[in-house]
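A quick write-up on the structure given underneath.
The values are calculated or read from the model by the stated rules, or taken from the named source; none is laboratory data. This one's a predicted model, so the numbers in the text were calculated from it and none came from an experiment. Glycine also receives a Cβ, built like all others from the backbone with ideal geometry; neighbour counts cover every protein chain displayed.
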Amino acid sequence: MELNKRNIIIVIIIICTGVLFVFFWNLNKYNKFYSSELTGVIQEIKSNRKFENSKVAKFVRDSNFNYTFWIYAPDKNDLKISDSIYKSKNSEDYQIYRKDSSGNYQFYKTLKSKP
């Protein structure tokens, strides 16, 4: 009987360690993203069925940089492929720029990563 209690405690410790590892890994990833400045052009947009009005957007800066992120977009036309996107350091706001009729990017609107 003592061996079973010991095995249960070991399994609980392993599970708790795994949960803590995932939590701190995600926190580190978020902090790194939050403190980064990002610019690029949206290449792909997918609707997120789990969270209403949320989109998953993939944008590229150059051939070596691709980044996928979640963004809250309440309107269907808030994001379009080929829009330019900018996120300043220590911010959750995204400035969206859209091409005008002459092909120049003009500020369109600001979106957030959360509602």
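Give me a count of the residues in segment 23-46 that are of a type outside the set (Ser, Thr, Tyr) and either within 20 Å of LEU79 (Cβ to Cβ) or surrounded by fewer than 10 Cβ atoms within 10 Å (Cβ to Cβ) (or both). Spell out how you get there, then give the answer.
Kept after step one, since they are of a type outside the set (Ser, Thr, Tyr), are these residues of segment 23-46: 23-29, 31-33, 37-38, 40-46.
After this cut, where a residue has to be either within 20 Å of LEU79 (Cβ to Cβ) or surrounded by fewer than 10 Cβ atoms within 10 Å (Cβ to Cβ) (or both) as well, the list is 32-33, 37-38, 40-46.
Adding up the residues that qualify gives 11.
All but one of (1) at pLDDT below 80; (2) surrounded by 13 or more Cβ atoms within 10 Å (Cβ to Cβ) hold for PHE65; state the number of the condition that does not hold.
Among (1) at pLDDT below 80; (2) surrounded by 13 or more Cβ atoms within 10 Å (Cβ to Cβ), PHE65 violates only (2).
Looking only at residues in segment 81-115 that are modelled with pLDDT under 85 and charged (D, E, K, R), which one is surrounded by the fewest Cβ atoms within 10 Å (Cβ to Cβ)?
LYS114
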